[in-house]
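Okay, so here's the structure we're looking at.
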Amino acid sequence: MRTRCALLLSVLFLATMACGQEVPEQVSAIAGKPIQSHEDVIGQLREYLMARAPQLPKPVSAQAWTERAEQIRKHLLNDVVFHGWPREWVDAPPRFEQAGTTETGKGYRIVKLRYEVVPGFWSAALLYEPAELHGKVPAILNVNGHVGPQGKAVDWKQKRCINYALRGMLALNIEYVNMGELFRSENDHGYLGHLDLVGASGVGLFYLVMRKALDYLYENPNVDRDRIGLTGLSGGGWQSIVLGSLDKRVKVDIPVAGYCAFANQLARIADMGDNEQDATDFFDGQDYVFLTAMRAPRPTLLINNAEDSCCFRAPLVKPYLYDQVKPYFALYGAQDDFQFHQNTDPGYHNYKLDNRQQSYRFFDKYFHLSASDKEIPVDSEIKTYQQLVVGLPADNQTILGLARELAARIKRDPIPPAASRAEWAAAERAKLKEVVRYKPVTMKHVWAVANTFNSGLASISYRFELSNGLSATGVWFKETDTPDGAPVDIVLDDKGRKGAAGEVWNRMEQVAYLLDRGDQVVLVNLLFTGDASPALESPSYVPSLFASAVATVGDRPLGLESAQLVAVARWAEETFNSHPVHVELTGIRTQMAALIAAAIEPGLFSSVTVHQGMKSLDYLLQHPVGFDDAPDLFCLDLYKDFDVDCLIAVAGPTKFLLEDSVENTSSK
C-alpha cells in the first residue's frame, strides 16, 4: 500500500513539474516570435525624424541672412555646444607648451606643441613653419578624422602640411580625440554620452579641442588674421564645417567628405555620424545645410568623393549642400567663392593627391599666393609616428574621466520628508518632463496580429501604433480559467521579449508565477527594445545611431519610451478592466523608462518590481556602461538633475521593489 501511494505521489509530482515547465516553454515560443521587422521600425523612425528635419528657408537678402546666421551661431554655441560647461574653462586663453623643434633643412621646420583643452585634458599638435618667415603669413588649421593610432602622423596629412609650409603658410596639425596621442579606451567617442548625462554637452569638448588650436593661430604674431584657413577629412571635414561656420575668424574653409544634410543621414545609415556629429539638440532648428550657408560670403570649397567607401558620396550630398546653398552666396555677390569638387581619382574616402591639389589651388587663390597648384614631392620627408610624438602627461584626463569629475561636482537639494513632498514633487515632475522632452502619446490603432489558445493558455500578439507614428509591440497571456478583470502585469526586459521569454529561464518562471497566481501578463517591447528597435545584425550600432538622431532633433529616447509605457498601461487598464497595473521588469534601461513613466504619471502603476536594476545612475559612469549598449540612458542633464532615489520619491505613491542590483552583481 505504501509503495502504491509513493508511486502515485511521484506521478503527481512529475506531472506538476511537467506542467510547470510547459507554461514557460509555451510563453517563450510565442513571445519570441517577432511582430514587426527591424526594417519596419527603421521606416517609422525615418518618417518621424524627417518630419522634424530642419528646412533651409528661401534666401531673401544678405542682411536678413546675416542676422539669422548670427542668431543660429549664438544659439548653437551658448545653448548647445557649451551647455553645462564651466565658463572659466570655455573662456580660458590658449595654454600651449613647446616640446621641441625639428629643423628639417628642407625649407620648413616642425615645432612640437602640447596644449590644455580643459583643466587636466591635454592634446598634441605640430606646427609646420616656413624656414624663412617674413612678415605676417597665412595659417591653416589642419583637423583630423578617424585615422586610428597614427593620428596626426598619417602620411597624407604630413604631405599636405609640408606643402602648405613650403608655400609660405603656417600649418597647425592637431589630433582628433581618441586618435594618435589621444588614443585611449576612455576617449571612445561614445563616452560623450556620459558627459551629456552629467550635464555637459559632449560636443563641447570636441569643439574646444579645435577652437583652442584656432585661438593659438589667431594669437600667433606671425599669422595674418585675415588669412586663416581650415581643412580636414571625414571627422576633420565635420570639424571644418562646425568651427568654420561658428567661428568667423576662419576666412577660408575646405571640408572634405565630413558631413551631409540630415535628410541624407536618414536616407543612408552609412551617413549617420558619431555622437559629436549628431550631438544632442544640434539639429533642433538647423542642420549642416544651415551651417554651410552660414559660411557665406567667406570662400568655401566643398570636396566630396564620387564613390566614397565610407560616407557622404558627392552625387548624393551635392543637391543639399551645394545646390541649396549657392543662392546664399549669391546674396552677397560671392557665388564664385563657393565651389564644389567631386573627386574621382581615386573616388573613395580620401585626402590624396587630387584633393590636396584642390586645396592648394583654393588657398593660394584666396590667400594671394603665387605657388603652383601642383604638389611638391615630399615622400622622402614623411616621418614615423614616434618621430612626431609630442608627449602628453601620463595622467592625462579622458572623456570618461571628465564625466566622472563633473559628476562629482553635482549638488542636488535633499529629498523632503514624505509628508511634505507634494509641492516639491510637482516641481521635480515638471523639470523631469523638460529633461526627457516628455510628450504624451495615445493609441492610434492596436493591431491584433496573432493568437494562440491551447493547453490552458491563451495569447494575443499586438502591434501598438502610437499617435506620433512610432510603435511598440506586446503579447498578452492569460490562463483560460483566469476571470476577466484579473490584475494585469506589464513585463519588460532590456533584451526584449525574447530575453524575457527564454534567454534566462528564471525570468520565465517569474512570468509563469504571475500567470499561476491568476494575473494577466502583457510582455511589452518599447521603442529601441526587441522587435520595436531598429537593430540590425550589421552594423550592430544602428540602434544607437537612431537614438542619437532622436536626441539631435530635440527629443529624447527615454521620453519616447516612457510615453509609450504610459500609453500601453492605460490601454491595458481599459482593455482588461484592471486598475492599476503592476510592472515587472529586468534591466537598467527598462528600469529608467518605468521610473520616469511612474514619476510623470504617479498612481498609474500599483507597483514596480525591478530585477537587475541599478541603485544609482552613477553606475553608468563607474563600471562603465557603453553608449551603444544603452543609448537611451545617456540623456542630457538626467543625472545632473535626478537620480534613482529622487525619481522614486517623485513617483509616490507607486511602490518600487529592487529585487537585485547590477552594482551587487558587478562587484562579485
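The values are calculated or read from the model by the stated rules, or taken from the named source; none is laboratory data. Worth saying up front: this structure is predicted, and the values here are computed from it rather than measured. Counting neighbours? That spans all protein chains shown, and the Cβs are built from the backbone with ideal geometry, glycine included. Just so you know, the surface numbers come from the protein's heavy atoms only, side chains and all, with ligands and any DNA or RNA stripped out. Shrake-Rupley method; radii C 1.70, N 1.55, O 1.52, S 1.80 Å.
Around the amide H of E584, modelled in the peptide plane, lie the amide H atoms of I490, V491, L492, T609, all under 5 Å away and 5 or more residues distant in sequence or on another chain. Between helix 38-50 and the chain, what is the angle of the helix's C-alpha long axis to the longest principal axis, kept within 0 to 90° and rounded to the nearest 10? Around 60 degrees separate the two axes. Measuring r between the beta carbons of T102 and H134 and using R0 = 22 Å, the FRET efficiency lands at 0.55. Charge dipole (Cα centre; +1 on Lys/Arg Cβ, -1 on Asp/Glu Cβ; no other charges) of the chain amounts to roughly 1360 debye. Phi angles of the stretch 513-530 translate, via the Karplus equation with coefficients 6.51, -1.76, 1.60 and θ = phi - 60°, into HN-Hα couplings of 5, 4, 5, 5, 7, x, 8, 9, 10, 10, 7, 10, 10, 7, 3, 6, 10, x Hz per residue; Gly and Pro are given as x. Between the residues Y115, P86, A53, the greatest Cα displacement towards the positive end of the dipole of the stretch 43-122, with unit charges on the Cβ of Lys, Arg, Asp and Glu, is found for A53. Near F121, the amide H atoms lying under 5 Å from its own belong to Q397; only residues 5 or more places off or on other chains count, and H is placed 1.01 Å from N. For the stretch 367-454, the carbon plus sulfur part of the accessible surface works out to 55%, probe radius 1.4 Å.
Suppose only helical runs count, i.e. DSSP H with n ≥ 4. What mean residue ellipticity at 222 nm does that imply for the chain under -39500 (n - 2.57) per run, divided by all residues and rounded to the nearest 500 deg cm²/dmol? Mean residue ellipticity, 222 nm, calculated: -11000 deg cm²/dmol.
By how many degrees, 0 to 90 and rounded to 10, does the Cα axis of helix 62-75 deviate from the longest principal axis of the chain? For 62-75 against the chain, the angle is about 50 degrees. Along its first, second and third principal axes, ordered by size, the stretch 491-605 spans 43, 32, 22 Å in Cα coordinates. Taking all Cα pairs closer than 8 Å and separated by 6 or more residues, the relative contact order of the stretch 103-175 comes to 37 percent. The alpha-carbon of K326 sits under 21 angstrom from the alpha-carbons of these lysines, leaving out residues fewer than 8 places away in its chain: K58, K248, K251, K318, K365. In the chain, Cα pairs under 8 Å separated by at least six residues give a relative contact order of 15 percent. Using only Cα atoms and rounding to the nearest 10 degrees, what angle (0 to 90) does helix 557-576 make with the longest principal axis of the chain? Tilt of helix 557-576: around 20 degrees. When each of the peptides 109-118, 381-390, 427-436 is scored by how many other beta carbons lie within 10 Å of its residues on average, the order from highest to lowest is 109-118, 427-436, 381-390.
Based on Cα contacts under 8 Å between residues 6+ apart, the stretch 510-668 shows a relative contact order of 23 percent. With the charge dipole of the chain set up from +1 on Lys and Arg Cβ and -1 on Asp and Glu Cβ about the Cα centre, the Cα lying farthest toward the positive end among the listed residues Y259, L133, V198 is that of L133. Our coupling estimate for the stretch 317-333, obtained by passing each phi through the Karplus curve with A = 6.51, B = -1.76, C = 1.60 and θ = phi - 60°, is 8, 4, x, 8, 7, 9, 5, 6, 8, 3, x, 5, 5, 5, 4, 9, x Hz, Gly and Pro reported as x.
For N525, the residues whose modelled amide H falls within less than 5 Å of its own, excluding neighbours fewer than 5 places apart on the same chain, are T473, G474. For the stretch 372-383, the Karplus equation 6.51 cos²θ - 1.76 cosθ + 1.60, evaluated at θ = phi - 60°, returns couplings of 6, 6, 6, 6, 6, x, 9, 3, 6, 8, 5, 9 Hz by residue, with Gly and Pro reported as x. Once the 1.4 Å probe is applied to the protein heavy atoms, the stretch 450-586 comes out at 33 Å² accessible per residue. Within straight-line reach of K431, meaning a Cα separation under 20 Å, sit the following lysines at least 8 residues removed in sequence or on another chain: K411, K439, K640. Using a probe of 1.4 angstrom and keeping all protein chains present, the accessible surface of the stretch 370-415 works out to 61 square angstrom per residue.
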